[in-house]
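Reviewing the structure listed below.
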Amino acid sequence: MGKTIFLDVGCADTSIMISGSNYFMVDCYDPASYFQYLPKGKRITGLFITHQHRDHFSGMGYLADNGYSIDYLIYSPYERRRGDNSVEYDEWEEFNSYRHYFVGKGTETRSPYRQDDFDNPWWKTIGVKIWMLGPAKSISTADTRKLHDASLVFHVEMGARKCLFTGDASDENLNFIAKTTRNFCEDILHASHHGSINGADLEFIKKCAAKHTVISTKSGVHDMLPHPTALKRYNDHTGKVYRTDADGTLSCDF
């Protein structure tokens with residue numbers, strides 16, 4: 001038995017999956033406000049940073065300052081270019097400083113692209129199976145690429161429950177998954193980009209066949225976020241839509 005917790009961290013992202021003694025985090029913002037959900041032994045089996053924006057990784061500083069260890073750090077394979085305005089240089093370097101710190105403490109790293117086939121999960125451990133659906137290498141390394149084109153997208157099975165984490169994946173990233181992948185959600189969709197219209201690809205949302213959608217967001221932080229058209233798409237094609245700014249921290253057992 002285990003639990004998945006979608007934390008109310010404003011217009012940012014942090015989720016925690018607990019399976020036995022294994023703790024997994026998907027993105028890491030403001031864990032200081034929710035330390036009670038972190039492992040008492042301060043050992044995190046896997047930390048997934050879907051992409052290198054502060055609202056998805058800045059909480060790594062709290063983990064470092066408070067003595068947490070990370071067995072595996074899995075992060076977007078994006079390669080920043082000079083003058084890249086999709087991720088600022090100081091933001092990029094801040095993530096790398098945290099990565100270097102944990103590597104120095106023994107953390108192993110992975111920066112995967114979409115797996116070649118889906119006969120077997122990308123990662124399997126006690127009670128958890130993970131399939132890496134994105135990003136596609138062709139999209140995330142294109143000359144026109146932006147950071148959200150390389151956001152990690154992965155499907156997690158925990159007992160009878162399934163959850164699709166999308167980070168801030170772009171429409172192109174998600175549309176590719178919709179056109180090339182079968183049965184990739186079917187339960188819980190963690191919506192892309194805090195309910196933005198960028199990341200609410202209609203074909204992708206339809207093919208998710210999600211029973212529940214979770215949007216980690218906070219209205220009033222950015223204009224048109226969450227976006228009314230994106231919300232309509234989720235409401236039209238999902239059994240139930242939850243917003244952390246309205247429903248607070250959410251959890252489900254498996």
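Checking the a/c ratio against 1.5 first, then a/b against b/c, what shape does the Cα gyration tensor give for the range 1-140? Walk me through the intermediate numbers first.
Working: a/c = 1.63, a/b = 1.11, b/c = 1.47.
Note, shape of the range 1-140 comes out oblate.
For the range 2-253, with the dipole built from +1 on Lys and Arg beta-carbon atoms and -1 on Asp and Glu ones, taken about the Cα centre, which of 225, 68, 115 lies farthest toward the positive end?
Looking along the dipole axis, the top candidate is 115.
Which Cys residues of the chain have no other Cys Cβ less than 4.7 Å away and so no disulfide-compatible partner by this rule?
11, 28, 163, 252
Check the straight Cα-Cα distances from residue 211 and name the lysines below 17 Å, setting aside those fewer than 8 residues away within the same chain.
Reachable lysines: 162, 232, 240.
Please identify, among 241, 153, 103, the residue showing maximal mean-square fluctuation in a Gaussian network model of the chain using a 10 angstrom Cα cutoff.
Per the Cα network of the chain with a 10 Å cutoff, 103 tops the list.
Once amide H atoms are placed 1.01 Å from N in the peptide plane, what residues at a sequence separation of 5 or more from residue 75, or on another chain, have their amide H within under 5 Å of its amide H?
49, 110, 111
Amide H of residue 218: which non-local residues (sequence gap of 5 or more, or other chain) have their own amide H closer than 5 Å, using H built in the peptide plane?
11
Would you please put 116-122, 90-96 in order of how densely packed they are, using the mean number of other Cβ atoms within 10 angstrom per residue and starting with the highest? Spell out each step's value before the answer.
Working: 116-122: 11.1, 90-96: 14.4.
Sorting 116-122, 90-96 by mean packing, highest first, produces 90-96, 116-122.
Dipole of the chain, Cα-centred, from +1 at each Lys and Arg C-beta and -1 at each Asp and Glu C-beta, to the nearest 20 debye? Write out the running numbers ahead of the final one.
Values: 29 positive and 33 negative charges, 134 e Å.
Approximately 640 debye in magnitude.
Spin-label point model (7 Å from Cα, Cβ direction): what's the residue 65 to residue 82 distance in nm?
Going from the residue 65 label point to the residue 82 one covers 3.5 nm.
Could you work out how far apart the two model spin labels at residue 92 and residue 1 are, taking each label as a point 7 Å from the Cα in the direction of the beta carbon, and quote it in nm?
The modelled label-to-label distance comes out at 4.7 nm.
Take each of the peptides 163-173, 7-17, average the number of other beta-carbon atoms within 10 Å over its residues, and list them starting from the highest.
Working: 163-173: 25.4, 7-17: 23.0.
Those peptides, ordered most packed to least, come out 163-173, 7-17.
Run lengths n ≥ 4 of DSSP H only: what is the helix-derived mean residue ellipticity at 222 nm for the chain, with -39500 (n - 2.57) per run over all residues, to the nearest 500? Please report the intermediate quantities before stating the final value.
Working: 8 runs with 61 residues, N = 254.
Roughly -6500 deg cm²/dmol at 222 nm, from the helical runs in the chain.
Given labels modelled 7 Å from the Cα in the Cβ direction, how far is it in nm from residue 247 to residue 211?
Computed distance between label sites residue 247 and residue 211 equals 1.3 nm.
Applying the Karplus parametrisation 6.51 cos²θ - 1.76 cosθ + 1.60 with θ = phi - 60° to the phi angles of the range 99-107, what ³J(HN,Hα) value in whole Hz is obtained for each residue in order, glycine and proline being reported as x?
Residue by residue, the range 99-107 yields 4, 4, 4, 6, 4, x, 9, x, 5 Hz.
If all Cα-Cα distances of the chain are sorted into 10 Å bins from 0 onward, what percent lands in each bin, rounded to whole numbers?
7, 34, 40, 18, 1
Show the residues, 5+ positions off or on another chain, whose built amide H is closer than 5 Å to the amide H of residue 227.
HN-HN under 5 Å from residue 227: 196, 197.
Around residue 157, what is the net charge, scoring Lys/Arg as +1 and Asp/Glu as -1 over all other residues with Cβ under 14 Å from its Cβ? Write down the numbers at each step before the final one.
Working: positive: 124, 129, 161, 162; negative: 186, 187.
Within the 14 Å Cβ shell, the charges total +2.
Please turn the phi angles of the range 149-156 into ³J(HN,Hα) values with the Karplus equation 6.51 cos²θ - 1.76 cosθ + 1.60 (θ = phi - 60°), one per residue in order, whole Hz, x for glycine and proline.
With coefficients 6.51, -1.76 and 1.60, one gets 5, 10, 5, 5, 9, 8, 9, 10 Hz.
Laboratory data are not the source of any read-out in this text; all were calculated from the coordinates shown. Since this is a predicted model, take the numbers as computed values, not measurements. Counting neighbours? That spans all protein chains shown, and the Cβs are built from the backbone with ideal geometry, glycine included.
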